[in-house]
Structures are given as structure tokens and as C-alpha cells.
1. Name the one entry in B:279, B:305 that is more than 14 Å from chain A (Cβ to nearest Cβ) and either surrounded by fewer than 22 Cβ atoms within 10 Å (Cβ to Cβ) or within 19 Å of residue B:247 (Cβ to Cβ) (or both).
2. Return a yes/no flag: does the range C:567-587 have any residue that is closer than 27 Å to residue C:334 by Cβ, modelled with pLDDT under 85, away from every other protein chain (no Cβ under 14 Å) and more than 24 Å from the chain's Cα centre (by Cα).
3. Those residues that are assigned to a loop (DSSP other than H, G, I, E, B) and in contact with a strand residue (DSSP E or B) (Cβ under 9 Å, 6 or more places away or on another chain), I need them from the range C:514-542; list them, please.
4. From the list C:156, C:124, which residue is within 9 Å of another protein chain (Cβ to nearest Cβ) and more than 28 Å from the chain's Cα centre (by Cα)?
5. Tally the residues that are more than 12 Å from every other protein chain (Cβ to nearest Cβ), in a helix (DSSP H, G or I) and surrounded by 22 or more Cβ atoms within 10 Å (Cβ to Cβ), restricting the search to the range A:87-103.
6. Does residue C:497 satisfy the condition of being surrounded by 24 or more Cβ atoms within 10 Å (Cβ to Cβ), in the same structural domain as residue C:545 (by TED's automatic domain parsing) and without any contact (Cβ under 8 Å) to a residue 40 or more places away in the chain?
7. Among the residues of the range C:391-422, which ones are touching a residue at least 60 places away in the same chain (Cβ under 8 Å) and more than 13 Å from residue C:361 (Cβ to Cβ)?
8. Go through the residues of the range C:530-549 one by one and say whether even a single one is touching a helix residue (DSSP H, G or I) at 6+ places or on another chain (Cβ under 6 Å), modelled with pLDDT under 95 and more than 16 Å from residue C:321 (Cα to Cα).
């Protein structure tokens, strides 16, 4: 358990009254999901799994539902990010007004690319969709504060100011060191259950034969159920065709082929 | 030049974020008047007769939208859509950041008009400033007694809740917005039922754009006749147009509808010296381009629709001869692919497929068959999606594929 | 409402969805996300049709028919839209049909063949997503094959009311997942493998085991609990591969199966199955033949028959109705009245005059539960309860005290269901009496043995002067015959079953496995399982269900009915004819209506101290003999 996790119960208790106030604003508690996640992100710097579990309990929805909802929104981070999130607009109006040069300047200055955090954990860099400041292209946001009329030559000064603590925008809370990216690797995200129930090894089949319908009927019924538009098949005709085919195969290949199937 | 200042009046001159300044200039008078001497139906009548159409993108007549609410005694909700994210659009942000009280008064009037006692404003997550400004304005208005229980002793209760988005373009679609407001993934809902019947919390709901609601204030102040007197026959009143791209003075310009596109271009200072016009996207990222020969088109809903494009959110992006239209097409298709909620197949898979193909074109690795494929796929997926996002991919792509085929062919490997 | 679909006129009720209406005229409209039980979602967009007067193609799944509607499911425009949707679904779908379990019964395969372009313009490599994701103890997910129809997500949300499977991320990055670190685990997970229209969700027990065209399919009833869901049993070359739901089974299962019913089938092939009669001699079991077994059994009974009260038989809850009937008939012929099906805690299985049907529960305003949760004893029935709560706002009240329950219920409740586990007779009696004020009260007893109600109806209850199970064990009879019951494990401690059986001179046990009770037997008779025999059983709600054999019984085993026939022959007792048995079963299928809850004829309650917890995956020894589902079995139940 890291320090953040140790302090989470205290944080939760501290924020609970505010959460309750948020919940009271809505006819249905679940509406408070985004505001509560935003509140926790403000304090922890990202939406921790502990925060999602707490929200799940407060709002009466399953943890999976909370995670699913949070994962939809790009401004909610499920992994730690830098103290500054730099988001350069990649909207069309900015792009045709030099945004790519600004981006290149950031790549060079920060040494990281889209969706990446600097190794010192200071800056998370991202290229985002139209920020609605097209009249001030190229625009960007640092910790959601607008930066207008951005030109490559200003990038150096901005980053230096962030590094020296002189930047005009306050840094975000950071309770855990960020990794290379906050964009989740897919494989790590999916659940790993308990020990696999697995499948037992395939034993050599015997030819005892069930007592059920003829082989192939499952597929056949699917086709016939679908009505005349599907190959114009009728069950009777299809059954007969299937029988013929099986008969031919069995004749050609003999019983041995079946046993070795 | 027909610059009109209605909603934009005073912006840049005085600090309309302060309730005192706003009130000194007649602010909240219409709200007081409505509460004291207008019936909700009368407010609705103003909205209807003014001919005010939705300023968010669809252009649906506001009065008609309100009239769809069933009279079933269920609680009703008004939701102000401030999730402005259509590429090229930056008018709603300007309004909530500069005239929050005007927006709020419009919301109050709208809520009163439909008989709602709880109104919400959904502010795009990126608009941190706008959120703070609006929240402060709401506090001021509440302190002044304009919001809350038994407002100005009228017996009318109206609560307003500010809700922040968290990064998703699709939440601008009204049913996705409602889902997001309910704490769900911002996925558009299957319609019917429409929000007027089953909206927020399953109750009758009206979702109106910021600009639409703000116009209610001057409509009430100056009369619906005044508003309807501006604009054209079916596109009445004014519109804030966000002009950006390759122009000298990009910005928001409020004009009567029907103003020729050429004049909008002039308002924005025209092209940069020595440049020639290649294309204009007249209604946001979802609209098809118009070209030099169409500059005299009146900027209104019908004329643009007739020209095969749309007015949309009123975002005019101007492209001069420096534009790489392959890159521009890639940019917008990538945008729609990135912002697809992923629910329905054509948008999720079609957008992504086109994005990947265009990415190859940008790198100069296009294939000959790709051009036909892009035409075929973008056309076929249009009209079969769950919501309008998937239908937004085709217009720009098609118009530049048709107009600038040489730019695409040059990228075929 | 009259409409025309592809030129065929038909009439359907108002509110019918076009996709359902088209089915009526056998005109298929392809669907992925739509499902009759889950309703329209409008996601896949493959059900596009052309409707006269509408400029755009419409989705049939969310279109209600209107009078005079003219619909074309196949037109140039509809075909083009549909072909596009299929082309798009295949853009990133791996073409791994040859190794995909769904191959041969895959909607994507079928529709691609029927409606697809037959070619694709996709030249870029397909998206890579995680494959073979271990979702939990039962299900494996292949994200690449997923078409994001969200049927599984909606099943968890709407039907199970426990949203564990969700969509994460957005757009083309969409994946199906559970909460991070949480396995997908509830009692109904297997249903998602059937809902999945492609091979994305597969059962661990069936993966890479078979092809649908190799399967022989039989429809039978599940005997894992007293609900008795219809199910298909699919067998490949004599080995059971899987079981599946029967969608048309509206009356019982509503088209679902629980994971116990679906997955607890591996025991049929367990090497631990008993396959030869065993006789205990000098404290050791020796293998004997069936003829010797019948002789030994008959001899013991004949010797004891001088004093019929020293003979007893217990069982029936795991037998068919026919077997239970013949069992009581044969032992009554020997003069004994000591007959009982009850070998655990349950005392009563027949819910009396106000018995409700399974489907009826959906219409209730209040559902009162006394005793064990229906989710544990009758899981698929519990889904109906959840449906009642979701659709009609029914209230679920745990009724352990009549007065408090009535107070909680309040007034104005017209329709209520009382669901009881049949254990505490006094509680049942009081609740039944006090709740009689509700105008439409329906009563249910969910049983711990699948055919408890049938056994009771067939007469496996002690008649006046006879002993019940507890008394039979208490008195230590001379010969006791047990059929598919395990009182040593399941009965309350007060029965002292182990000691009693140790004291009883001749104990006969018919079983599939060497249970704790079988170990104490003098004579063990290897029995066939439910999938290996035919007959009928009775659901807890009184439905007569048929069993159709789908497997060949292992050599050396006999069905209980065959055992009884063999015994009768050895005793030279004539049994009723097959026709007579069938007639008797039909006639007795439900007990006389006057049996109220806690009727005195059921004797007294014994409490449940010392009996193991009744959870879906605990009771019934078959779980312990199915290594494929070992992970589902409550850890406390796994023998050390």
C-alpha cells in the first residue's frame, strides 16, 4: 500500500460532506458521478481505483459501471499524470494556423510525445480536439487554463517556467508518480479472474453416439428458422441434403476417418 | 456593414460578469417582468413567434421544440447545452465567460416558459474559466433572489444546477448530454422516445443551446416582432458567427441571418495579403465546404441547405491557398473517429477505417482504390447511424475530394 | 395493425416491433444487438429496412409498426446499407473462423454469407485487441471478435441486475470488461456466451471442444434444482459437450439457464462414477453382479418383512415421478408405511391451494421471502423476481415474522407472492394464515431437491402410523433403502444419520458417487444420471417436465426404475404396467389442494442445526465430481 492509498480513507472522510452536497443537487444520486470523480481528481491528481470504489458505494452503482463511465471521458485520468497537463489544440483551425510547429516545439523541449509524461513527472503532454478558441489559434490549455496565440518560440519559456516553478498556473495535485503514459495499456486493464476453470484435455472420442438429433441439425435449424430469404431452404430439403452429404463422406472416408476425427 | 450587437453588446467594453453592471444595463428586468406579469404560455409565445431557431447546430424552431412537451403533470427540466465543441465554434464559450448573467436570465426565462422548476447547464469540461465565471454569476443571482424558492415573492420555485462535462464532444448531442448529466457514459440514446417525452430522469425535457436561450432576453425586451423583423423569411433574427482560419481578424461576429458570406469574410478582415480563397466551411466540422463562386450565398439555414451544406453552429472556417486539404480531411475524420462514442457500427468502424486510410494519404501512401472506397463508405454510412455524429463524416470529406482531387491523387503511392 | 412486409400482408397487435412482426411471416431481418428479451438498442444497425414514405433507411428493431406500413427488407438501398454494416463489422474482425468456437453457428458468418458484399476494400492491417482474456471462472473473452453489440452488458444490467460486464473506453477502442481486478462472477454468466452473436464470449468448458455440426442435440429438462429449465444437451460422439437454453421455454426458464444447470455436467464422465454394485463384506466393499445385488437386497427385505415396520425407504427428490411412484408402490406392497423423500432440512414441497405459476411471479406487487434465498435454491426463478422488481416495481420483503411482514407490506397490495423454503413449518403456517388477507396471494415452495414436489405427489411421504426420515433413522430399522439421498451430509445434526446408519443392519444406497451416506451402505447400487434416462419430474410450481435421454448410461449402471424392477422380480412382486404408472403419475401430478403451508401431515420441524449451508454450488455431490467447475464450488464444501 503506498502513501496515497494509506491516506485515502482520511481524504474520503474529508470530502464526504462535499460529495453529499453534490449528490443533493440532483434528483438522482448517480448524476453526481462526474462531479465526484472530478473532486477526487482535484485532490489526488487522478481518479484512483479507491476513489471509483468510494463513488460506487456512495451512488449505489457497481464498480464496473463507475469505471466504464470514467473511461468514457478524456479529462478523467485513471493513472497519475504530471503536475502540469499541457494540451495543445489539434483542431482544424489551429492546425492550419501553425499548431504542428507548436507541437514539434513541445516534443523537442519536453522530450515526450502525445499522451506521454516527462520522466520527472512534471509535464503530461497531449494533443486534443478543438478547444473552442479558434480565433486565438494556436491555442492550448495548461491545467485547463487557456493559452492563446501560441507560437513555437514561446514554448521554451513556458516549459522553463514550469520547471522552475515560476509558471503562472498552479500545479495539479500529485499523489503518485506518473508512469510514461496515463493512457491505459489494454491488456493490463482487463480482469484477471481466479484460477482458470480451464478445459480438460480432449480424450480420444469413442463412437458410442448420443441419443439426440442428427449431427448438423443445430446449424440447419438456424438456417431454416431464418425463413425463405435464407437460401430458400426448407428443413426437410436441408435435412435430406445433409444426410446425403454425410452418407457420401462416410462412404468415402470410412469409419476410420470418423474415429480419428 | 450589418454588425449588430445584441448578445455581444457591451462585451469588451464593460464587465458584464458583475451582476451590478448587468442590472444597470437592464439585466434581470425580463425575468422580473415574466414572474410578475407574464404567464409561462406567453413566454412560450415569444419564443415561438420570434421564429428563434436552435443555435446549437440543428436549427430546430425553439417554440416548436417546447410545444412537444406532453401535458402529463410530470416534472419538466430545462437543460442549457454549453458543451460547445464543434470544430471552429467558440461563441458559447464567449457568452458564458463574458455575459453569464444574460445566459442565466435566458435559462430562467426558458425554464419558466416550459414550466420547469429545475434547470441545468452542462458546461464543457475544458471550459474551466467559463464554469467558474458562470458559477459565480449563479451565486450572485441566487443572493439577489433571482434563483431559488418563491422567487421575488412570485410563488415560483426554480433551482439551477451547474454541471461540468469531462471531455467528450458527443455530449453536445442532446441525448448524450442527458446521459452524461445522469452520470452515465455520454452515449446518445435511441430515439424515439425523444427528450421532450422522456428526457432527464425519464421526464419531459428541453435541451437548448446557450445562444438560443440568451436570445430569449432581448426577444422579451424588444418584442418578438423586432427579432422576427431581422433575418430572412425562415431564418429570423441574429446569429453569432465564429469566423476563423485564414482570415486577418478571426472572431465572433453577430449578424442578422441572411448576411452574405462575403460580408462575413470582410468583417473578419478578409484573407491575408497575397492569398487566394480556396474553400470555406460554413457551419462547423460537420458541414460541407462552399467555394469562391458561392460567396454571395446568404448566410441562413435555407440558403446553405440548398447549396448542399449547412449553417450548423455558425462556425465559419476559411481556407486559403496554403491549405493542405488531405491533411484537413484527415484532421476532421480523425476528430470524428476520436469522438465517436462507439455504440453504433457505421460511425465506430467507418470513421476509424476512413481515418486510417487518410492517415496513409497524409504520409503519401494512398492507394488508387482508396478514393472510390472513401466516396462509397462515407456516403453509405451517412443516414444509417444512431445519432448525427456518424453522418458528419461525409460532408467535408466529400466536398474536398470532389473539389481538390489532385491533392489526393498526388499522395497516391 | 395491418402492414406489408416484402409484399406479404400481415396483422399484428399495436406496439409490435417491426423486427418481431417480420419474424411472423418468416421474413428474416438480421440482428446483432436486438434480442427479444433485451429489447432494442439500435447499436449494430444491421436490421436496416426501407419503409415507404421514409427517406432514410430505418432500423427494424426500434420501429413500431403502424397501420398500412409498407416495408421492404430487401431493396437495393436496404441491401447496400446492410452490406456496408457487415463490411464494417468485418473490417477489424479476425478471420479466424477455422479456430473459432462459434464457427457454424455464428451470426456474423451467416449474415456475411447472406447479406455481405463477399469482398472488402480494407487493405490496412486489422486492429489488435486482447485475445483469450480470462474474464472469470467461467468465461473467456476475445476482444478482437467482439462486435460491441452490448447484449452481454445489457443482460447483466437488465436481467441479472448486477452490472459486472461493461463497455470501457470509447469509439473503436471500446472493449468489454469487468471492473479492474474483479472476476466476472455471478450465477448466470454462461448466458452471455449464447447471447454473444459472435465468438467473443466463450465458455471455458466448451472452448475448442467441438463443432456444432458434430453435435447431437437433445432437448430435456434440467434437474439441478427444482425449477426444471428446459435445456438442450449437445453431445459429441457420446461425450457431453455443453448445454444450452431453449429460447421458447416461456413457462419455466424464460430462456435462461443458471451456471449450475449449464456447467455442472462434467460429472457424467467422472472416473469416480460408481459402475458396479458393491457389497460390504467384513468392512470392505467387494464388486458383485446385479443379479447377486438383487438377491441380497430381496433376501434382506424378505427376512425383515415379517415385521414391515422395520423396513423403510427414503428418496424420490432426485428420482423421476415414475420412479418415485414405483418406489412407494413396491415398498407399500411389502407392508411398510415408512416412506419419505425428505433427507435434508426441507419438510414440505407442495404449496397448497393458492399455488402460483412460475411466470405469474412477474406480475406481483410484493414478493415475500421466508427462509433461504430463491437465488440459491431456484436461481432462474430468481431472475423472474428481479424482473418483477425492475418492470413493475415489486417490493421484495424478507418475511421472518408475520406481524412485521404485514406491517411492512402496508395496505393496498392486491397481488403478492409468498416464497418459502419449506423448512420451518411453524413459520410457514403462521405466514400463510396471516397473509391470507391479500386478495391474490400466490404461494411457492422452492425445494432443495429437484423433484421434491413430484416425490411428495407420488406418495413418498409416511402415511399415518409410518415413520418419517428422522424417525426411521432414530429407530434403526432392519433394512433401509436410500435412493439418491445423502442424509449424512444434508440432514440436520439432530437426525444423527451417521450413527443411525451405522447401527442399521442392512443399508442399501442407490447413488452415482461414493457419498458420505454410501460409505455406510451394506449394498451400493450404481445409478444412472438424469441425462441418461427418460421420465418426468415436477417443478416446484407444479409443471410436469419431461426428461429425454441424451447420453448413454455407463455400462454397469441402472436407472432407479430398473433397480426397482429387478428387486420386484427377485421378490416376485408384480409391478403396475408402464401405462398404469404413467396414468398414476398424470393423476397425482399435484397433491390435493387443501395442503396448506405447515400442514400437520408434514409432521414436525427439526431445525437445521448442523446442516451445511445451501448455496447454489454447495449441496448436491455432483459439483464435487466435476473438475471443470471446481472453482465455482464454495470453498467450504470442497472436502479436505
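The values are calculated or read from the model by the stated rules, or taken from the named source; none is laboratory data. Note that this is a predicted model, so its numbers are computed, not measured. With ideal geometry, Cβ positions are generated from the backbone for all residues, glycine too; neighbour counts draw on all protein chains shown.
1. On the way: B:279 fails: more than 14 Å from chain A (Cβ to nearest Cβ).
So the residue among B:279, B:305 that is more than 14 Å from chain A (Cβ to nearest Cβ) and either surrounded by fewer than 22 Cβ atoms within 10 Å (Cβ to Cβ) or within 19 Å of residue B:247 (Cβ to Cβ) (or both) is B:305.
2. Of the range C:567-587, the ones closer than 27 Å to residue C:334 by Cβ are C:567-587.
With the extra rule that they be modelled with pLDDT under 85, the set shrinks to none.
Within the range C:567-587 (the criterion being closer than 27 Å to residue C:334 by Cβ, modelled with pLDDT under 85, away from every other protein chain (no Cβ under 14 Å) and more than 24 Å from the chain's Cα centre (by Cα)), the answer is no, since none of the residues qualifies.
3. So in the range C:514-542, the residues assigned to a loop (DSSP other than H, G, I, E, B) come out as C:514-517, C:521-522, C:528-529, C:533-534, C:539-542.
Within the range C:514-542, C:514, C:515, C:517, C:521, C:522, C:528, C:533, C:534, C:539, C:540, C:541, C:542 meet the criteria.
4. Details: C:156 fails: more than 28 Å from the chain's Cα centre (by Cα).
Of C:156, C:124, the one residue that is within 9 Å of another protein chain (Cβ to nearest Cβ) and more than 28 Å from the chain's Cα centre (by Cα) is C:124.
5. Taking the range A:87-103 as the starting set, the residues that turn out to be more than 12 Å from every other protein chain (Cβ to nearest Cβ) are A:88, A:101-103.
From what's left, in a helix (DSSP H, G or I): A:101-103.
Now narrow it down to the ones that are surrounded by 22 or more Cβ atoms within 10 Å (Cβ to Cβ): A:102-103.
Of the residues in that region, 2 qualify.
6. On the way: surrounded by 24 or more Cβ atoms within 10 Å (Cβ to Cβ): yes; in the same structural domain as residue C:545 (by TED's automatic domain parsing): yes; without any contact (Cβ under 8 Å) to a residue 40 or more places away in the chain: yes.
So residue C:497 passes the test.
7. If the condition is that a residue be touching a residue at least 60 places away in the same chain (Cβ under 8 Å) and more than 13 Å from residue C:361 (Cβ to Cβ), then C:420, C:421, C:422 are the ones that fit.
8. no
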